[in-house]
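Scroll down for the structure; my scribbles are underneath it.
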Amino acid sequence: DNKQVGVLVPTTILAEQHYNTFKDRLSNWAVESDHLSRFKTKKEQKLILEKLDKGSINIIIGTHRLLSKDVKFKDLGLLIVDEEQRFGVKAKEKLKYMRENVDVLTLTATPIPRTLNFSLMGARDLSIINTPPKNRQPIHTEIINFDKKVISNAIIRELQRGGQVYFVNDKIAKLDELAQIIEEIVPYAKVAIAHGQMMPAQLENVMMRFLERKTNVLLCTKIIESGLDIPSVNTIIINRADNFGLAELYQLRGRVGRSNIKSFAYLITPPQSSLTKQAVRRLHALEEFSELGSGMNLALKDLEIRGAGNLLGKEQSGFIGEIGFDMYMQILDEAVSELSIDTGAEGILPAETINELSRLKDKVKRKREIALESDISMYIPDTYIEDENTRLEFYQRLSSIINPDELTDFGSELIDRFGKLPVEVESLLKHIEIKLMLSEKGFEKMIINGNTVELFLDINNEEIFTSGYFEKIVNQINSSLSNSARLKQTKNSLSIYFRISRSENSQQKLSEIYDLIRILSNL
């Protein structure tokens, strides 16, 4: 379509590799490809930018250099962001100016929490590739303390089978010291050092010698995180793994096991008692999800550990904690639904899509969300639905149910697919049914605590009082519920306070509460 394509990558090594791939695959076509990185001289960069502005370069591959003010496209049509998790919020803010009328494809093995949340709430499309290359094996992952004997055994085993080793450290300053240790514990190891502060020619020479197998242990920083595909390297040792993020560790581990040979990843940490809770959770998540194609599960774990943060702007922490995740997601869903309809969709979308969006918007408006605080355990255990993605899908479906028939069908499907409902799931479905009954009658909150239940009426909903429903509640309390219920009124709230039988059995307790709500909903 006479448009240009920009391919944004995080490292110079990856830019070089992508450029060679594009050049090879498109050599028979009238397509001009080039790349921008710090390996290019000032003169070469100036020439590339002129050709890009004129439109004679069709595909440009580059690092953050592509985000510079002097980079101008004649007509950019597609932006591809590879290893999206490596780009910070500031870089993504700059991308907005490039992408107002541009299609965007982001590629990542481990989407960052904010991006993943965009997809889960429907603001972005998501495709997952789960099929690994043929004969690929899972990577054996182990958390160890810094032990020279364990490290030497790992390196020796790899070298004896004719392979090579990555040894990753978080700081450049310690590389020389570590090189001495490795040469001391494995005398025949040929150690090479690589990091991002080296001159381009020097770094290129180190990498070429490693590729040609003139060295067999590459001692480096996380510079190897993206783009390296060397099948002969099948052991990686990561020192101070607790200082790396979950996505970084997953990417680093992915540098090995790129053939049909069994590979090993060792994560060196101080004693776990000295680590933060988040660091321990990150490390154990990586150890747990070692099977092929587990990037999505790790990303979901990262979302759970770190939270989603603000979806717009530079800030990393959102306000979810202030209002609760359920309320936050409801507000977000409403905003996405309204934007889908209200931003000129008539000229873009077919009529049936517009009608469907309108139906969804009405559904959101009809559904009155009841705040519920309960001391009764209610959730879907991982022993019932083992796959995390499937559990998440069922939670999302449950949150969108708006009538009892849908809830009945939902419960039947769970039984059909996973067997008899555990007590926790039964409680969850019963709580949802109670919320549906209360929402029909104009309640806004319910608190279950010990042997007391408090139902708060929405005092801003005039229909409760004009329809005669409130009068029926008062009559019911004065007659059959006089011993267990009373009305409570404060300046800002009106509620019904119940006392129920003391019971150690949560199911009996929930059943009694359900019967009470049933009485009120039938008035």
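The values are calculated or read from the model by the stated rules, or taken from the named source; none is laboratory data. Quick caveat, the model's predicted, so the values are computed rather than measured. Counting neighbours? That spans all protein chains shown, and the Cβs are built from the backbone with ideal geometry, glycine included. With ligands, DNA and RNA removed, areas are computed over all heavy atoms of the protein, side chains included. Shrake-Rupley method; radii C 1.70, N 1.55, O 1.52, S 1.80 Å.
Things to note:
- The modelled label-to-label distance between Q197 and S274, using points 7 Å beyond Cα along the C-beta direction, is 2.4 nm.
- Modelled label positions at K43 and D75, each set 7 Å beyond Cα in the direction of Cβ, lie 3.3 nm from each other.
- Using θ = phi - 60° and Karplus 6.51 cos²θ - 1.76 cosθ + 1.60, couplings along segment 243-249 (whole Hz; Gly, Pro as x): 8, 9, x, 4, 5, 4, 5
- Computed E for I172/D375 - FRET, C-beta separation, R0 60 angstrom, nearest 0.05: 0.70
- Taking all protein chains together, S495, S480 sort by accessible area into S480, S495, largest first [probe 1.4 Å].
- Subtracting the Cα-Cα distance of R502 and L398 from their residue separation scaled by 0.36 nm leaves 34.5 nm.
- Here the calculated FRET efficiency for F410 and E184, from their Cβ-Cβ distance with R0 = 51 Å, stands at 0.25, rounded to the nearest 0.05.
- Solvent accessible area, Å² - T383, 1.4 Å probe, full protein context: 120
- Furthest towards positive pole of dipole, H431, I513, N403, structure part segment 378-523, Cβ charges: I513
- Cβ charges +1 (Lys, Arg) and -1 (Asp, Glu), total dipole of segment 422-485, debye: 160
- Within segment 1-42, all pairs of alpha-carbon atoms sorted by distance into 5 Å bins from zero give the percentages 5, 20, 29, 24, 15, 6, 0.
- Per principal axis, descending, Cα span of segment 407-523 in whole Å: 47, 31, 25
- Efficiency of FRET between N243 and E142 - r from beta-carbon atoms, R0 22 angstrom, step 0.05: 0.80
- Solvent-accessible surface of segment 471-523, taken per residue with a 1.4 Å probe and all protein chains present: 64 Å².
- Ranking M199, M437 from most to least accessible surface, computed with a 1.4 Å probe over the protein chains only, gives M199, M437.
- Length added when fully stretched, N2-K445, from 0.36 nm per residue minus Cα-Cα: 153.7 nm
- For segment 164-247, the calculated P(r) over all alpha carbon pairs, in 5 Å bins from 0 to the bin holding the longest distance, is 3, 14, 27, 28, 20, 8, 1 percent.
- The order of L487, L414 by accessible area, most exposed first and with a 1.4 Å probe, is L487, L414.
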